[in-house]
Every structure is written in C-alpha cells, then in structure tokens.
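Data block below; observations after.
Quick note: the coordinates plus some simple rules give every number you see, no bench work behind them. This one's a predicted model, so the numbers in the text were calculated from it and none came from an experiment. All Cβ positions, even for glycine, are placed from backbone atoms using ideal geometry, and neighbour counts span all protein chains on display.
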Amino acid sequence: MNKYTLPELTYDYAALEPSISARIMELHHSKHHAAYVAGANGALEQLAEAREKNDFANINKLQKDLAFHLSGHINHSIFWKNLAPTNSDRPDGELGLAITEFFGSFEAFQLHFNAAAMGIQGSGWAFLAWDSLGQRLIIEQLYDQQSNVATASVPLLMLDMWEHAFYLDYQNVKGDYVKAFWNIINWADVQTRFSLASTKTHGLLLG
C-alpha cells in the first residue's frame, strides 16, 4: 500500500521570520503536519483491515478519521507552497485580473479574505478557491480540516487559522497574524494553481 509522506519544505524553518517564527514552523511542520500524515495512513490501514475481515462496525468513525487527517495533510501541503520568504505585494497577470473581476479590486478581496479568516469560530482555514462549477473565484471558510467547503472548489491560497499556527508568536491577537500573512504569500505558486484549476488541467496541485 502506498503511504502518504510528510513533504519537505523548500525553505528553512527560519525563512519566514518575523512573520512566522522558526519555532512555530518547526512544530507546525514536523509535529502537527506529521501527525496528519500518520493519521491518514493509520485510517487507510484500518479500512483495509475492515475489508479483509468483512467487519464494518466502525466504518463511520474510520471514514471521518480519513477525511480529517487526509484533509489536514492536503491543506498543509498547499499552505507550505503558498508561503515564501520574499514575495510581491500583490498578484499580477491573469490572477490579478481575475481578483479584480470577481471581487472588484485587490483591496476588496483582501478585506473579504481577512474578514473570513477572523470570522473562523474555533479551528479552521480561510482560503481563496476556484469554483470549477461556476467558473469563478470565491473565498471560503473551512472548519476543522474538512467541513463547510463547496465540493467543486479547488484551493488556491490557504491561511491556517488553527491556534497552533500562530499562538506562540501572536497569542490571541489573530489580526496581527492575518496581517503578517500578506508579507509572505508566494503569489507565483497561487498563480500556477489558478492557471491549472481554471483550465481544468489538474486537481489540487500539491507539488
């Protein structure tokens, strides 16, 4: 059985300072993300065992475990690629034009995205997505790792709003964390995801 693996980062843990500290990056990647990878693999192993034994008494729990941990793995895999030590202030090209088309302006998009992130109740994510059914950009709130998301949406730009992503640096002042996020966005990665999603040539594009 093929197993999920923890992806390596393309930058050092300290590369995103001062927006995100090396300590948070190390814990977030090597502990939290690694736990989702282990959880997804464990759920698959238990599902295989259930099939082998023809015992599906725990199928609901196992399916929920797989959805939670695999979504955590996917979300973080995108998140790391969305970040970069150096970036431009805002996207240009096709993505920049699309943001203006669907949100009115980059500033309006930014305010909407910030409000979605700050409005998360408990743990979750805010993200820019391509709605493959409506053929448009949308902003979504994802609760926990997998709920409250439109099925046809493809994540392009994700912001982790779980406390483990920011608490050591920002405590409960989430607004400062959200503000700092705009300093480390890898717009080239977001543009690539947008191009592939909007032309229907790829799915989630983790790589």
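Taken over the Cα atoms of segment 20-82, the convex hull encloses 67 Å³ per residue. Starting from the alpha-carbon convex hull of the chain, give the projected area averaged over all orientations, in nm². Here the figure is 12.0 nm², rounded to one decimal. Taking chymotrypsin sites (Phe, Trp or Tyr not before Pro) across segment 48-99, the ones in a DSSP loop with at most 16 further Cβ atoms lying within 10 angstrom of their Cβ are Phe56. Taking the Cα centre of the chain as origin and assigning +1 to Lys and Arg Cβ atoms and -1 to Asp and Glu Cβ atoms, the resulting dipole is close to 360 debye.
Residue separation of His112 and Asp89 scaled by 0.36 nm, minus their Cα-Cα distance, works out to 6.6 nm of gained length. Applying a DSSP loop filter and a limit of 11 other Cβ atoms within 10 Å to the trypsin sites (Lys or Arg not before Pro) in segment 1-33 leaves Lys3. Give the angle, between 0 and 90 degrees and rounded to the nearest 10, that separates the Cα long axis of helix 59-82 from the longest principal axis of the Cα atoms of the chain. The helix 59-82 is inclined about 30 degrees to the chain. Set the Förster distance to 30 Å, then compute FRET efficiency between Thr151 and Arg23 from the Cβ-Cβ distance, nearest 0.05. The calculated FRET efficiency here is 0.25. What is the distance in Å between the Cα centres of segment 24-58 and segment 114-187? Computed from Cα coordinates, the inter-centre distance equals 24 Å. Projecting the Cα atoms of Gly39, Leu111, Ile139 onto the dipole axis of the chain, where Lys and Arg carry +1 and Asp and Glu carry -1 at the beta carbon, places Gly39 farthest toward the positive end. When the listed pairs Lys53/Lys81; Lys3/Lys174; Lys3/Lys81; Lys174/Lys200; Lys3/Lys179 are checked against a 32 Å cut-off, the alpha-carbon distance exceeds it for Lys53/Lys81; Lys3/Lys174; Lys174/Lys200; Lys3/Lys179.
Output the 0 to 90 degree angle, nearest 10, between the alpha-carbon long axis of helix 93-103 and the longest principal axis computed from the alpha carbons of the chain. With both axes taken from Cα atoms, the answer is about 90 degrees. All Cα-Cα separations within segment 82-165 were binned at 5 Å from zero, giving a P(r) of 3, 14, 24, 25, 20, 11, 3, 0, each value a whole percent of the pairs. At an R0 of 22 angstrom, the distance between the Cβ atoms of Ala50 and Gln121 translates into a FRET efficiency of 0.05.
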